[in-house]
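Asker: Have a look at this one before I ask anything.
The values are calculated or read from the model by the stated rules, or taken from the named source; none is laboratory data. Remember, it's a predicted structure, so these values are computed and weren't measured experimentally. Note that each Cβ is placed from the backbone with ideal geometry, even for glycine, and that neighbours are counted across all protein chains shown. Ligands, DNA and RNA are stripped out before the accessible areas are found, and what is left, the full protein with its side chains, is counted by its heavy atoms. Shrake-Rupley method; radii C 1.70, N 1.55, O 1.52, S 1.80 Å.
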Amino acid sequence: GNSVTQMEGPVTLSEEAFLTINCTYTATGYPSLFWYVQYPGEGLQLLLKATKADDKGSNKGFEATYRKETTSFHLEKGSVQVSDSAVYFCALSDQADSSYKLIFGSGTRLLVRP
Amino acid sequence: GAGVSQSPSNKVTEKGKDVELRCDPISGHTALYWYRQSLGQGLEFLIYFQGNSAPDKSGLPSDRFSAERTGGSVSTLTIQRTQQEDSAVYLCASSFQGSRDTQYFGPGTRLTVL
């Protein structure tokens, strides 16, 4: 079946540090890949997405590239800010599944210190 | 415009009681999803509606859980005879027919079963 594995947290960084959060997936069909973010006390927000191999999703300085050969979708940001502190979820939606339901990873908590 | 809304935001109930959780999707969104976020299980899919029908109920954990959607809009998730393991945040999401892989989430209902 389909699944998503992402790195354990928490990840603690200083402001302006480089961020990588690893995400790998297993899918039997043709997945779209997503990163969602959950800020403290708020709901899930879509951060970025990519729908096919080699696509790069980007938003708010975050980027992730859909790598079919390594079944990965790692999240990166060149310079994190305190306001980026949140929980980040990698997810997939199998385009062969007519429901388009999301399969989530376990989440990675990011804490950015001033 | 208005996003996905859920009510109540918090619900505390006693073991064995029934609870109803409500979701108002974004106007015009034909697809509606329920997910559950718990410490032990992470974020997991429960049920998918397209219009008023539910073609994918594969995530409902037991027959104590049911959901309905009326008028292609509001949805209610009902949990009968609640158990402590039902304690979680219940999230609702909706999506537009033309972009079903992009889901917009509500703030969730935090359910605590004592």
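Asker: Given the C-alpha centroids of the range A:44-84 and the range A:16-31, what is the distance between them in whole angstrom?
Answerer: 8
Asker: Here is a follow-up. How far apart, in nm, are the 7 Å Cα→Cβ label points at B:D18 and A:T12?
Answerer: If labels sit at B:D18 and A:T12, their model points lie 4.9 nm apart.
Asker: Just need the relative contact order of chain A here, percent rounded to a whole number, with Cα pairs under 8 Å and 6+ apart.
Answerer: 37 percent.
Asker: Using the Cβ atoms and a cut-off under 11 Å, what net charge is assigned to the surroundings of A:G61, where Lys and Arg are +1 and Asp and Glu are -1?
Answerer: -1
Asker: Let me ask something else. First obtain the Kirkwood hydrodynamic radius of the protein assembly as shown from its Cα pairs, then insert it into the Stokes-Einstein equation at 25 °C and 0.890 mPa s, and state the resulting D in µm² per second as a whole number.
Answerer: Numbers: Rh = 18.1 Å.
In µm²/s, the coefficient is 136.
Asker: Would you please give the FRET efficiency between B:E44 and B:F96, computed as 1/(1 + (r/R0)^6) with r the Cβ-Cβ distance and R0 = 30 Å, to the nearest 0.05? It would help to have the intermediate numbers written out before the result.
Answerer: Values: r = 23 Å, r/R0 = 0.78.
Given R0 = 30 Å and the Cβ-Cβ separation, E is 0.80.
Asker: Can you sort B:D101, B:D63 by solvent-accessible area, 1.4 Å probe, largest first?
Answerer: B:D63, B:D101
Asker: Compute the accessible area per residue over chain A, keeping the other protein chains in place, probe 1.4 Å, unit Å².
Answerer: Ligands and nucleic acids excluded, the figure is 47 Å² per residue.
Asker: Setting aside same-chain residues fewer than 8 positions from A:K68, which aspartates and glutamates have a Cα under 16 Å from its Cα?
Answerer: A:D54, A:D55, A:D94
Asker: Hey, another quick one. Quantify how strongly other chains surround peptide B:30-37 by giving the mean number of their Cβ atoms within 10 Å of each of its Cβ atoms. Don't skip to the end; give the middle numbers.
Answerer: Details: counts 0, 3, 0, 4, 0, 4, 0, 5.
Partner-chain Cβ atoms within 10 Å, mean over residues of B:30-37: 2.
Asker: Per-residue HN-Hα couplings for the range B:75-87, Karplus 6.51 cos²θ - 1.76 cosθ + 1.60 at θ = phi - 60°, whole Hz, x for Gly and Pro?
Answerer: 10, 10, 9, 10, 10, 9, 6, 4, 10, 4, 6, 7, 4
Asker: Do any residues of the range B:38-56 show a loss of at least 30 square angstrom of accessible area between the isolated chain and the full protein assembly, using a 1.4 Å probe, and if so which?
Answerer: Relative to the lone chain, where solvent access is computed with a 1.4 Å probe, the range B:38-56 loses at least 30 Å² at B:L43, B:F45, B:D56.
Asker: Same structure again: Work out the length of the dipole vector of chain A about its Cα centre, built from +1 on the beta-carbon of each Lys and Arg and -1 on the beta-carbon of each Asp and Glu, and round it to the nearest 20 debye.
Answerer: So the dipole magnitude of chain A works out to roughly 100 debye.
Asker: Accessible area drop of at least 10 Å² (1.4 Å probe, protein heavy atoms): which residues of the range A:63-98 qualify, relative to the chain alone?
Answerer: The answer is A:F89, A:S98.
Asker: To continue, here is another question. Out of the total accessible area of chain B (probe 1.4 Å, heavy atoms of protein only), what percent is carbon and sulfur?
Answerer: Numbers: 2450 of 5390 Å².
Percent of accessible area from carbon and sulfur atoms in chain B: 46.
Asker: Name the residues whose placed amide hydrogens come within less than 5 Å of the amide hydrogen of B:Q103, ignoring near sequence neighbours (fewer than 5 apart) on the same chain.
Answerer: Residues meeting the amide H criterion: none.
Asker: Then there is this: Report, to the nearest whole %, how much of the accessible area of chain A belongs to carbon and sulfur atoms, 1.4 Å probe, protein only.
Answerer: C and S fraction of accessible area: 47 percent.
Asker: Mind checking the mean number of beta-carbon atoms from other chains within 10 Å of the Cβ atoms in A:44-51?
Answerer: The mean count of partner-chain Cβ atoms within 10 Å per residue comes to 3.
Asker: For every other residue with a beta carbon closer than 15 angstrom to the beta carbon of A:V80, add +1 if it is Lys or Arg and -1 if Asp or Glu, then tell me the sum.
Answerer: In short, -1.
Asker: Ballpark to the nearest 100 Å², how much total accessible area do A and B bury together, probe 1.4 Å? Present the calculation step by step, with values, prior to reporting the outcome.
Answerer: Working: alone 6110 and 6110 Å², together 10780 Å².
Interface between A and B: roughly 1400 Å².
Asker: What pairs from A:K56/A:K101; A:K56/B:K57; A:K60/B:K57; A:K77/B:K57; B:K15/B:K57 go past 27 Å between their alpha carbons?
Answerer: Details: A:K56/A:K101 21 Å; A:K56/B:K57 32 Å; A:K60/B:K57 35 Å; A:K77/B:K57 37 Å; B:K15/B:K57 24 Å.
With Cα atoms farther than 27 Å apart: A:K56/B:K57; A:K60/B:K57; A:K77/B:K57.
Asker: Now a separate question. Once the other residues with Cβ under 13 Å from the Cβ of B:E14 are scored (Lys, Arg +1; Asp, Glu -1), what is the net sum?
Answerer: +2
Asker: Sticking with this structure for a sec: Give me the percent relative contact order of chain B, please, defined on Cα pairs under 8 angstrom at least 6 residues apart.
Answerer: It comes to 37 percent, rounded to a whole number.
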